[in-house]
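Comments concern the structure below.
The values are calculated or read from the model by the stated rules, or taken from the named source; none is laboratory data. Computed from a prediction, not measured in an experiment: that's the story for all the values here. Surface areas here come from the heavy atoms of the whole protein model, side chains and all, with no ligands, DNA or RNA. Shrake-Rupley method; radii C 1.70, N 1.55, O 1.52, S 1.80 Å.
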Amino acid sequence: MVPLDVRVLPVQALLGADLGHPAITESAGLFARPDVVVGAPVRKASYSGALNAS
């Protein structure tokens, strides 16, 4: 298991959609694995908007 805390990803790369940034490329590669588990806080019986956007 490889944990990924999105709070440590570079903000400018995320906001600028810099898909070539090494940290973004590495983290995107984690989602290509077959054993992905995603966790997010629940508010008002719904998941995070960040999960909805992905």
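Brief remarks on what is shown
- Residue ID - farthest from Met1 (Cα to Cα), chosen from residues in region 15-37 that are open to solvent by 90 Å² or more (accessible area, probe 1.4 Å) and part of a helix (DSSP H, G or I): Leu15
- Within region 40-54, considering residues that are open to solvent by 70 Å² or more (accessible area, probe 1.4 Å) and at pLDDT 70 or above, the one nearest to Leu15 (Cα to Cα): Pro41
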